[in-house]
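Engineer: What follows is a structure written as structure tokens; I'll ask about it next.
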Amino acid sequence: MIKNKRWRPLAASFVALAGSLGTAGIAVPTASASSVVHLTYTLWDPHEEVGYKQSIAVFEKSHPNIQVTVNQIAYPAYQTKLQEEFASGSGPDLFWVNTPWLSTWIKDGYLLALNKYIKRWGINMSMYYPSLVSLHSYKGNIYGLPKDWDTIAFYVNETYMAKHHLAVPANWTWNPTNGGSFLQFLKKATTDSNGVNASSPKFNPNSVATYGVDVGNTAQVGFENFWQMNGCHVIPAAWASSVSFNTPACAQATQFINQLMYKYHVAVPGNELGPNATINSNQDQELFASGKIAMLMAGDWYTNPIYELVGKKFKIGVVELPVGPAGRWSVFNGLIDGVNPHSPHLAQALELEQWLGSPASQKILGSGGYIWPAIKSLDPLFVDYWRAHGINVEPFLKEAEGGAKLVNWPNTPGMNQALTDMGTTMGPIWLGGESLSSIKSILSRSYALANHDLQAAGA
């Protein structure tokens with residue numbers, strides 16, 4: 001990947017951190033250069049890869065006996081590729097783990113429990129968000145040091161809003177009956193090719209120039225937030241043996257999303273969000289950058305790519321999600337680096353694990369605007385970086401600190417396959433207008449298929 005020239009170089013400015021590694025509990029090895037060990041580290045995000053290479057460069061300077069090769073696998077193929085490698089007895093030494101795979105990989109023995117190493121290293125786990133520690137723990141075992149987190153909010157085209165004399169309400173609300181102030185604002189923010197907004201009887205829904213928002217057929221940055229805000233859940237708890245979304249509340253929330261697209265015409269139709277509207281190829285980012293949607297529903301990891309896409313076209317803002325009948329909810333997630341228990345270089349892999357979870361590494365990633373550090377005291381670094389680049393990302397932080405109720409992205413064996421099948425089965429809801437009875441029927445089929453996936457995985 002070619003690094004965008006707008007990004008300031010960071011690696012050199014953080015070489016000095018190597019001298020303070022003692023504060024992170026990392027011992028500098030004394031092995032000779034002739035005994036260099038080669039580790040592989042696998043991730044999926046090309047933007048964050050730049051920051052992680054900077055961090056690893058600092059690690060390598062203080063660990064001359066370790067060299068790390070960073071491999072990037074595109075997210076849609078990531079889980080399948082790694083599971084094939086693990087099943088064959090190989091796989092990377094260290095690798096990113098996302099929540100829907102966590103339980104399956106723990107169950108299948110692909111992740112090393114780190115409790116005894118954390119104790120040996122003397123790491124104070126209270127420096128991390130407690131919810132991130134619990135998210136990556138099972139039966140008392142911790143399977144990775146937290147290193148980042150994310151919530152869901154709206155990126156806003158502030159230039160467009162200013163042009164139309166609009167300001168997002170401070171405490172907007174929605175409900176599945178009349179849409180609340182959220183729907184009323186979306187009507188004002190949606191304009192046709194003549195500049196008429198959707199609150200006017202002269203609005204032409206067949207010639208929309210800019211939609212108010214997008215809501216993709218995907219759990220984390222789409223429907224799960226609305227489901228939670230209407231009192232229903234994908235699963236009732238972590239490691240649950242069945243899903244729990246076949247309820248009237250979920251059907252009502254899903255119908256509301258459908259109506260935003262096909263009754264009120266204020267959300268971009270699903271056929272513009274890729275196959276089954278699952279936005280696997282980042283169609284939503286392109287639509288936002290082109291001015292086709294005024295607000296992009298997304299997680300904070302979108303900040304870097306949309307900043308690059310938008311450039312100087314318009315000013316980008318961020319606002320919290322609206323408040324639903326059950327309150328304001330946001331899907332919450334974070335990543336860990338999994339340690340391959342069958343790594344031929346386990347001791348060195350553990351050293352890299354310790355480094356990537358350390359304050360020194362998270363300072364590099366946070367200061368470069370790549371991640372919200374999992375160490376709470378370092379979060380201002382991410383805020384400061386993006387403030388200097390003209391974006392106020394604090395609404396994400398406000399949600400994480402109590403401005404929203406947080407639901408962890410679902411974690412139980414078979415969950416990733418269940419989410420994939422849910423996206424396929426629920427596609428018709430995003431691709432055309434559907435009645436409530438039809439939506440209930442589709443959700444019922446999706447529910448049965450998701451439960452089958454969980455049972456097949458031994459949830």
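Each value in this text was obtained by applying a stated rule to the coordinates, not by laboratory testing. In this text, all values refer to a predicted model and were calculated from it rather than measured experimentally. Neighbour counts run over all protein chains shown; Cβ positions are idealised from the backbone, glycine included.
Engineer: To the nearest 10 degrees, how steeply does helix 379-388 sit against the main Cα axis of the chain, on a 0 to 90 scale?
Structural biologist: With rounding to tens, the tilt is 60 degrees.
Engineer: What is the order of LYS119, LYS263, fewest Cβ neighbours within 10 Å to most?
Structural biologist: LYS119, LYS263
Engineer: Another question about this same structure. Give me the distance in nm between label points sitting 7 Å out from Cα along the Cα-to-Cβ direction at SER290 and SER131, one decimal.
Structural biologist: Computed distance between label sites SER290 and SER131 equals 3.5 nm.
Engineer: Can you sort LEU381, LEU166 by how many other beta carbons sit within 10 Å, fewest first?
Structural biologist: Ascending Cβ contact count within 10 Å gives the list LEU166, LEU381.
Engineer: Turning to a different aspect of this structure: Going down the table (LYS263/LYS315; LYS263/LYS405; LYS315/LYS405; LYS292/LYS398; LYS187/LYS263; LYS188/LYS263), which pairs top 19 Å between alpha carbons?
Structural biologist: LYS263/LYS315; LYS263/LYS405; LYS315/LYS405; LYS292/LYS398, as the Cα separations exceed 19 Å there.
Engineer: Return the sequence-ordered ³J(HN,Hα) values of segment 160-172 in whole Hz as given by the Karplus equation 6.51 cos²θ - 1.76 cosθ + 1.60 applied to θ = phi - 60°, using x for Gly and Pro.
Structural biologist: So the Karplus estimates, Gly and Pro as x, are 4, 4, 5, 4, 9, 6, 10, 9, 4, x, 5, 10, 6 Hz.
Engineer: What is the fewest-to-most order of TYR143, TYR160 by other Cβ atoms lying within 10 Å of their Cβ?
Structural biologist: TYR160, TYR143
Engineer: While we're on this one: Extent of segment 105-188 along each principal axis, from alpha carbon coordinates, in Å, largest to smallest?
Structural biologist: The Cα atoms of segment 105-188 stretch 58, 29, 21 Å along the principal axes, largest first.
Engineer: Let me ask something else. With everything on Cα atoms, drop me the angle between helix 436-456 and the longest principal axis of the chain, reported from 0 to 90° to the nearest 10.
Structural biologist: The answer is roughly 20 degrees.
Engineer: Measure nothing fancy, just the Cα-based angle from helix 75-87's long axis to the longest principal axis of the chain, in degrees from 0 to 90, nearest 10.
Structural biologist: Approximately 40 degrees, to the nearest ten.
Engineer: Follow-up question, since we're still on this one. Provide the per-residue ³J(HN,Hα) series for segment 149-156, in order, calculated from phi with Karplus coefficients 6.51, -1.76, 1.60 and θ = phi - 60°, each as a whole number of Hz, with x at glycine and proline positions.
Structural biologist: Whole-Hz 3J(HN,Hα) from phi for segment 149-156: 7, 7, 10, 10, 8, 10, 7, 10.
Engineer: In whole Hz and in residue order, list the ³J(HN,Hα) couplings for segment 196-213 that follow from phi through the Karplus curve 6.51 cos²θ - 1.76 cosθ + 1.60, θ = phi - 60°; x for Gly and Pro.
Structural biologist: With coefficients 6.51, -1.76 and 1.60, one gets 8, 8, 6, 8, 9, x, 8, 4, 9, x, 8, 9, 7, 8, 9, 7, x, 7 Hz.
Engineer: Next question, about the same structure. Between VAL318 and residues 5 or more places away or on another chain, which pairs have amide H atoms under 5 Å apart, with H built 1.01 Å from N, and which residues are they?
Structural biologist: VAL156, ASN392
Engineer: Now a separate question. If the viscosity is 1.567 mPa s and the temperature 4 °C, what translational diffusion coefficient in µm²/s does Stokes-Einstein give for the chain when Rh comes from Kirkwood over Cα pairs?
Structural biologist: The calculation lands on 56 µm²/s.
Engineer: Another question about this same structure. How about LYS139: which lysines have a C-alpha closer than 19 Å to its C-alpha, ignoring those fewer than 8 places off in the same chain?
Structural biologist: LYS107, LYS116, LYS119
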